[in-house]
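Peer 1: After the structure tokens below, expect a handful of questions from me.
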Amino acid sequence: MTDFTQDYLSSAVKLIGQLDKNAIESLVDLLAKTRSGGGRLFILGVGGSAANASHAVNDFRKLAGFEAYAPTDNVSELSARVNDEGWETVFEAWLKTSRLRVGDMILVFSVGGGNLERNISPNLVRALQYAQRVGASIGGIVGRDGGFTAEAANACVLIPTVDAQAITPLTEAFQAMIWHLLVTHPKLKMVSGKWESTK
């Protein structure tokens, strides 16, 4: 085994030990409250986190009974909005058309969480500012210092930085680990997975 492989796997093990279990449980409770109140779940991500958002929407819908959506799943609308109106407002405009409201929830998957001053994921920041204005709940699974998502969220899981050279891959990998925890959590799971339900 190469030193890189050993170091990467050791970092993953170290990261698991540093996850804030109370933050995860707070996110579970926020999601449960959203679903029981008839709220919708909108999962936002960019790049690899957009792919994670798409997968998570499937799991939240199929296994946990949420009405859930990811704006990035509709590439025609996404690219039209980017082309016509710009990248910064793409999620905010999508949420306005979806009539985001009190009782709904935004869940952000992001490595940095968004930062307007540094022009990092401004579309996430604008979407969260809009969610705050309409009174929707905000959750996040984010890395580094969490950026604007961590500041704005009602519940946020921060993926600790344990290796400065592997922030992005570990954060995006652990987004998947945590959302799978969420949809199989006893407070949220409504349906077992295929292989778990096959004798």
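Peer 1: In the list ALA12, ALA68, ALA64, which residue meets the criterion of being within 15 Å of the chain's Cα centre (by Cα) and not basic (Lys, Arg)? Explain how you work it out, then say what you get.
Peer 2: Values: ALA12 fails: within 15 Å of the chain's Cα centre (by Cα); ALA64 fails: within 15 Å of the chain's Cα centre (by Cα).
Exactly one residue qualifies, and that residue is ALA68.
Peer 1: How many residues, within region 178-190, are loosely packed, with under 15 Cβ neighbours inside 10 Å and either of a type in the set (D, E, K, R) or free of Cβ contacts under 8 Å to residues at least 40 places away in the same chain (or both)?
Peer 2: Qualifying residue count, region 178-190: 2.
Peer 1: I need the full set of residues from region 44-93 which are assigned to a helix (DSSP H, G or I) and in contact with a strand residue (DSSP E or B) (Cβ under 6 Å, 6 or more places away or on another chain), in order please. Don't jump to the end; show me each part of the working.
Peer 2: Here is the first cut: in region 44-93, the residues assigned to a helix (DSSP H, G or I) are 48-62, 71-73, 75-85, 90-93.
Passing the criteria: SER49, ASN52, ALA53, ALA56, VAL57, PHE60, ARG61, PHE91.
Peer 1: Identify, from the list VAL157, VAL183, the residue that is farther than 20 Å from GLU88 by Cβ and either of a type outside the set (A, V, I, L, M) or in a helix (DSSP H, G or I) (or both). Steps first, answer last, please.
Peer 2: On the way: VAL157 fails: either of a type outside the set (A, V, I, L, M) or in a helix (DSSP H, G or I) (or both).
Exactly one residue qualifies, and that residue is VAL183.
Peer 1: Another question, if that's okay. With respect to ARG118, determine if the residue is on the phi > 0 side of the Ramachandran plot, of a type in the set (Lys, Arg), more than 15 Å from the chain's Cα centre (by Cα) and part of a loop (DSSP other than H, G, I, E, B).
Peer 2: No, not satisfied.
Peer 1: In region 138-164, what count of residues is obtained for those that are over 13 Å from ALA23 (Cβ atoms) and within 13 Å of the chain's Cα centre (by Cα)? Full working, then the answer.
Peer 2: If we filter region 138-164 for residues that are over 13 Å from ALA23 (Cβ atoms), which is where we start, we get 138, 143-145, 147-148, 151-152, 161-164.
Those still in the list that are within 13 Å of the chain's Cα centre (by Cα) too: 138, 143.
Within region 138-164, residues that are over 13 Å from ALA23 (Cβ atoms) and within 13 Å of the chain's Cα centre (by Cα) number 2.
Residues are listed down the side, and each one gets a yes or a no for (1) buried (at least 20 other Cβ atoms within 10 Å of the Cβ); (2) within 30 Å of LYS194 (Cα to Cα); (3) not β-branched (Val, Ile, Thr):
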residue: THR72; (1), (2), (3): yes, yes, no
residue: VAL75; (1), (2), (3): no, yes, no
residue: ASN83; (1), (2), (3): no, no, yes
residue: VAL90; (1), (2), (3): yes, no, no
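No lab work stands behind these numbers, since they all come straight from the coordinates. Fair warning: this is a prediction, and the values are worked out from it, not measured in the lab. Using ideal geometry, Cβ is built from the backbone for each residue, glycine included, and neighbour counts are taken over all protein chains shown.
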